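Everything below concerns the one structure shown next.
The values are calculated or read from the model by the stated rules, or taken from the named source; none is laboratory data. Only a predicted model underlies this, so the values are computations on that prediction, with no experimental measurement involved. Note that we place each Cβ from the backbone using ideal geometry, even for glycine, and neighbour counts take in every protein chain shown. Heads up: the accessible areas ignore ligands, DNA and RNA and are worked out on the full protein's heavy atoms, side chains in. Shrake-Rupley method; radii C 1.70, N 1.55, O 1.52, S 1.80 Å.
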Amino acid sequence: MSKKITIAIDGYSSTGKSTVAKQLAAELGYVYVDTGAMYRAVTLYLMRKMIVTDSNFDKETILRQLPFINISFVFNKEVGYGEVHLNGENVEKEIRLMEVSQQVSKVAAVPDVRKMLVDIQQEIGKNKAVVMDGRDIGTVVFPDADLKLFMTASTEKRAERRYNELKERGNDVKYEDVLENVKERDYLDTTREDSPLVKADDAIEIDNSDMNLEEQFKKVLKLAKDKIEE
């Protein structure tokens, strides 16, 4: 039996982290965890309660609501991975809306939110055989991960990908708004005090600006197999 490893995939928004992580987990037979979806689910809950809006962000109220938020992943055999559920409701599609994207970095910067979700993430990954993607997986959640990848791409390329993804889902968005959102999220993710987005010293950086999905997957799969066979 080949050894089981922990794979941490970090990087900027809209770099295809989730896509390649899903592919990798399916190929290796590993558990896949989209930590960004967890933060989005918390954000959606707070938005529904009107605790987080464009004009309101009440940290004290957020902290009081955390005990009432339950995040879980339920495997969907049709798509081949676990979809995120918020208090028992499948919110996989709703958390991807632009409105959630505009608020999630602010929510993710709240230390108590991060602590709650990191505890869940570490529990899921304690037995290895896991592929987890996010912003602080290789630096905070699994600093001893066997393989750490850091995904990056140009701002314009990432905005273009995000714009196309939203349009395909039927969202009425403008490229300029998506580009601004990507820039804002980069700033918030890299400058927050608690667990900012940084490349771990031992992470392998992959710039996929000029890669297609197949090229990216082949590169990442080889890195994973090489690590497993060490």
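Things worth noting here:
- Residue within the range 191-198 that is closer than 21 Å to Val110 by Cα, open to solvent by 50 Å² or more (accessible area, probe 1.4 Å) and outside any loop (DSSP other than H, G, I, E, B) present: yes
- Close pairs from the range 213-230: first farther than 14 Å from Gly16 by Cα, partner at pLDDT 95 or above and of a type in the set (D, E, K, R), Cβ under 7 Å, at least 6 apart: Lys227/Asp146
- Of the set (1) over 22 Å from Leu221 (Cβ atoms); (2) open to solvent by 40 Å² or more (accessible area, probe 1.4 Å); (3) at pLDDT below 95, all apply to Ser13 but (2).
- Selection within the range 80-136 - farther than 14 Å from Asp34 by Cβ and among the aliphatic types (A, V, I, L, M): Leu97, Met98, Val107, Ala109, Val110, Val113, Met116, Val118, Ala129
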